[in-house]
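The values are calculated or read from the model by the stated rules, or taken from the named source; none is laboratory data. As the structure is a prediction and not an experimental result, all values here were calculated from the model. Neighbour counts run over all protein chains shown; Cβ positions are idealised from the backbone, glycine included. Protein only, heavy atoms only, side chains kept; ligands, DNA and RNA dropped before computing areas. Shrake-Rupley method; radii C 1.70, N 1.55, O 1.52, S 1.80 Å.
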Amino acid sequence: MMKQVKSILIKFTQRLPNDYYLKEDKHTLKGGAMFKLRKDQITKYARRYDEWVKLHKPQDKIIEEEMKDLLDKRGKQKWIGKDELIKIACWKAGGRILHYCKKNKSKKVKEISRKAFAANTDCARIKLLDTLHGVDYPMASVILHFAFPDKYPILDYRTIWSLYGERPPS
């Protein structure tokens with residue numbers, strides 16, 4: 001899993017300006033300070049986040065588990081429908097991207113998500129999901145995390161902010 005997290009972080013940071021970068025498992029801050037993230041640290045922070053969510057946003061945990069269960073029950077032919085996309089958008093962004101997600105046709109959401117989940121590469125999965133209204137890299141990471149929880153972490157600006165100590169440009 002650590003290798004997959006590192007791979008996704010590298011892909012994500014390639015979209016950041018030159019003064020933010022990740023090389024192998026060493027993270028460089030703007031000032032040049034170096035640090036490593038060990039698997040136990042990532043696990044510790046993930047557990048801390050889960051505890052915080054249980055206390056402060058119990059509904060989020062319920063929706064997350066509901067989506068994971070739904071996709072798990074669909075087996076190898078995973079897909080999401082427009083209603084699930086909207087639910088995920090509310091979970092991820094508190095409704096800020098809801099109006100974009102509603103622009104998608106139900107048939108297209110199902111078709112694109114099925115192709116994305118069946119794709120052989122991370123890049124293909126993300127590019128396919130990115131064709132849906134309201135879906136960009138962070139939203140795609142949530143969809144992929146719900147479909148493949150052991151393979152994909154959820155990434156957004158807070159992840160990079162946590163790693164680099166300041167919020168990167170959008």
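Under a point-charge model restricted to the Cβ atoms of Lys and Arg (+1) and Asp and Glu (-1), what is the dipole moment magnitude of region 51-113 relative to its Cα centre, in debye to the nearest 20?
Details: 18 positive and 10 negative charges, 94 e Å.
Once rounded to the nearest 20, the dipole reads 440 debye.
Counting heavy atoms of the protein chains alone, Asp122 has an accessible area of about 30 Å² for a 1.4 Å probe. Within region 42-102, the trypsin sites (Lys or Arg not before Pro) that combine a DSSP coil assignment with at most 16 other C-beta atoms in a 10 angstrom radius are Arg74, Lys76, Arg96, Lys102. Ordering Val53, Ile80, Met67 by the projection of their Cα atoms onto the charge dipole of region 45-97, which places +1 on the Cβ of Lys and Arg and -1 on the Cβ of Asp and Glu, puts Ile80 at the extreme positive end.
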